[in-house]
Amino acid sequence: MPQKLSPNKKHLAHAAVVKRQSQMIQYTAIGIIALVIIMVVYGVLNDTVFKQMKPVATVNGERIPASEFQNRVKLQRGQLINQFSQYYQFAQMFGAQDPLNDPNFGQSLQNLMQQLQTPETVGQQVLDLMIDERIIRQQAEKMGISVSPEEVDRLMQEQFAYFPDGTPTSAPTATLFATPAPATLSPAQLALVTVTPTPSPLPPQPSATVSATAEFTATPTTAPTATPVPTQGPTETPQPTATAYTLQGYQTRVAESMSGLVDSTGLKESDFRVLLENSLLRDKVQAEVVKDLQPVDEYIWAQHILVGTEEDAKAVLERLKNGEDWTKLAAELSQDPSNSNNGGDLGYFGHGAMVSEFEKAAFALTEIGQISEPVQTNFGWHIIRLLGREQRPLTADQFQQLKQRTFQNWLTDLRDTGKVTIDEAFWKEIVPSEPVLNGIQ
C-alpha cells in the first residue's frame, strides 16, 4: 500500500502565495465595485441633494439654496407665460392679425418672449428679488417688525378673491396738485436767462421689462353662478347677484391651485405662504423706512448743451470758462434739436424725469448758474447749468413713486454695504429654462 506523501515546505510556501494572491484579487475587485457604487451614489446625491443644497448666493451669512432659487425661477417663468397669454388674447380680441407685431401689444409680447428665451434674464431678476427679500427679513427683525399667521391667512384669501367679511371698498385718496413754476425770477436767474422756464425734458428712460417682483393672483376655475332676485310690483328689475363664495369653495380652489403649483414649480403651500409673508414684510418695512417723507419733492430748472464726444464736451466747457455766451454756444453746438435755439432750456423737472446719469449730475449742482463737468448718457455728452431749485407738492401718484424710489435706494445701500456674495457661474449653470411657451427653449 503506497504511503501518502506529506507536503514539504516549498509546497506550503507556494500554496500560501497563491492564497494571498487570490485574496488580493478578491479584495481589489470588491474595492473597485465599492468605488463604482460610491461614485454612482455620489453622482446621484450630488444632482438630487448636494447641488440642491449648495447656495447660489449668501446674504450677510444667510444662504439662498439652489433648490429654492430654481423653484422661484419656475414660478416667475410661469407668471411671464400667463402674462404673454393674456396680452396675446387681448390683441386677438382687438382684432390684431399678427399680435407679435401689433402696435399696441407687439412690444410687450416681444419683451416677454425675449425674457423667456433667455433663462439668465429671468434668473437674474429672481436672484435680485430673493436677495432683497433676505435683506428685508433681516432688517425687519432688527426693527421688531413681524407678520402673524392671521395676516398671511387674510392675504391668502385676498389672492383667491375670498372675502368672508364682505368685499372691501377702497377709500378715496386725496390728490395734491403740483404748483406751476414761479413767474418771478431771482436776480441771479435773470442774469442768466430771459425766458420763463417751461417743462421740456430729455426723452425719458426706456421702460423697464417686466418686474421680477412676484404677483400672486389666482385664476378662478369656474365662474360664479348667478341667482336672479325676484321683483315686486312695477319696480325695476335688479341685476343678478353673484352666488356667495363659500369657505368650502375657497378651500377647494386653494387645494387645486397648490397642487398645480407643486407640479409646475416644486413650491408647496408652505412655500407660497412664505412668499405672501415676504410681501407683507416688504410693505411693513417700507412703511417704516418712508414714514417721515412728506408729499413734496425737489424740482430743479436746468439747461444743457448736448454734444457727441467727451472731447467736444470739454471744448464747450473751456469756451464757457473763457466767457463765451451759453445761449450762443447752445445754438451753435447742441445736438438736442428740441431746445438748442432757446439755450438748451429743460424747464423744471423732478426726480425720475431724466435718465439716471443726467439726473444725478443735475441735482448735484447747488448754486444758481453752476455748470457741471461733462456728463455721459446714452444720448451723448452733456454740459448742464443750474437755473433754479424749489420744493413742490406732489400728487398722490407722484408721492407713491417717491416712496418706492426712497425705499429702493435704501435697499440698494444695504446691499452695497452688506456682505452679499453670488456664485455667478453656479446659478447660471442651474437656472431652469422651463416651463416653456409654445416650444420656446
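The values are calculated or read from the model by the stated rules, or taken from the named source; none is laboratory data. Predicted model, so just to flag it, every value in this text is computed and none were measured. As a convention, Cβ positions derive from the backbone with ideal geometry for all residues, glycine included, and neighbour counts pool all protein chains shown.
Go through the residues of region 246-263 one by one and say whether even a single one is out of contact with any helix residue (DSSP H, G or I) (no Cβ under 6 Å at 6 or more places or on another chain), among the aromatic types (Phe, Trp, Tyr) and closer than 30 Å to Arg405 by Cα. No: region 246-263 contains no residue that is out of contact with any helix residue (DSSP H, G or I) (no Cβ under 6 Å at 6 or more places or on another chain), among the aromatic types (Phe, Trp, Tyr) and closer than 30 Å to Arg405 by Cα.
Evaluation of Ile145 against the conditions (1) aliphatic (A, V, I, L, M); (2) closer than 28 Å to Lys291 by Cα; (3) assigned to a helix (DSSP H, G or I) shows that the sole unmet condition is (3).
Only residues that are surrounded by 19 or more Cβ atoms within 10 Å (Cβ to Cβ) and assigned to a helix (DSSP H, G or I) were counted in region 99-114, giving 4. Being surrounded by fewer than 17 Cβ atoms within 10 Å (Cβ to Cβ), assigned to a helix (DSSP H, G or I), of a type in the set (Asp, Glu) and without any contact (Cβ under 8 Å) to a residue 12 or more places away in the chain: is that true of Asp128 here? No, not satisfied. Selection of region 59-77 for residues being among the small types (Gly, Ala, Ser) and at positive phi yields only Gly61.
For every residue, the table says whether it meets (1) surrounded by fewer than 14 Cβ atoms within 10 Å (Cβ to Cβ); (2) farther than 27 Å from Gln114 by Cα.
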position	(1), (2)
Trp326	no, yes
Phe349	no, yes
Glu357	no, no
Phe363	no, yes
Gln370	yes, yes
Glu373	yes, yes
Leu394	no, yes
Trp410	no, yes
Ala425	yes, no
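Candidates Asp132, Asp128: the one that is out of contact with any Leu (no Cβ under 7 Å at 6 or more places or on another chain), at negative phi and of a type in the set (Asp, Glu) is Asp128. One residue alone among Gln335, Gln303, Gln286 is modelled with pLDDT of 95 or more and assigned to a strand (DSSP E or B), and that residue is Gln303. If you scan region 81-98, which residues turn out to be assigned to a helix (DSSP H, G or I), among the aliphatic types (A, V, I, L, M) and either surrounded by 13 or more Cβ atoms within 10 Å (Cβ to Cβ) or in contact (Cβ under 8 Å) with a residue 24 or more places away in the chain (or both)? Correct list: Ile81, Ala91.
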